[in-house]
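Contents: one structure, followed by commentary.
Every read-out reported here was derived from the displayed coordinates using simple, explicitly stated rules and does not represent laboratory data. All figures in this text were calculated on a predicted structure; none of them were measured in a lab. FYI the Cβ positions are ideal-geometry reconstructions off the backbone, even for glycines, and counts take in every protein chain you see.
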Amino acid sequence: MPTNLSNGYKKPNAGESGDIFCPVLEYNWERVSEHSHDGSDSELLDSTIISKGSGTAASGSWVADGSLYKQTITLPTDATFDNTNIRFKDSSTEEIAYLEYKKVSDTTFDVWTNDNTATYTIMYV
């Protein structure tokens, strides 16, 4: 018989054959596919725990840099460039924006766009 693990997963025991192993594997796949992280069927994930904040790259702050426009952005308090994932969203359309950015220091980075009228929401996680 398989061993029951935390959060309801099952682990086949060494030597268990396919008639036990395969159903356990299928059960775990379904469990992974159907869980919601709401605390009832898996660990509760709260975005406030992992979010390091958000910021803005405002349209009035772009500076010409060759054929593009650049801003230097300061990370939120307690965030460092090497330990933060940075994502951009167009503030007017809410669509993900794939902007080039590069570390300047542990707490600042440069970001570039080709549209100096655009404002972007910056999400830090």
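Applying 1/(1 + (r/R0)^6) with r as the Cβ-Cβ distance of Thr72 and His37 and R0 = 35 angstrom yields a FRET efficiency of 0.45.
Across the options Gly15, Gly53, His37, the greatest Cα extent toward the positive end of the charge dipole of the chain (unit charges at beta carbon of Lys, Arg, Asp, Glu) belongs to Gly53.
Overall, the chain carries a charge dipole of about 360 debye about its Cα centre when +1 sits on the Cβ of Lys and Arg and -1 on the Cβ of Asp and Glu, all other atoms neutral. The Cβ shell under 14 Å around Lys10 holds other residues with a net charge of -1, Lys and Arg each +1, Asp and Glu each -1. Relative contact order of the chain: 24 percent, from C-alpha pairs under 8 Å at least 6 residues apart in sequence. The stretch between Val125 and Tyr98, if pulled fully straight at 0.36 nm per residue, gains 8.1 nm over its current Cα-Cα span. Counting only Cα atoms, the chain measures 66, 27, 26 Å along its principal axes, largest extent leading.
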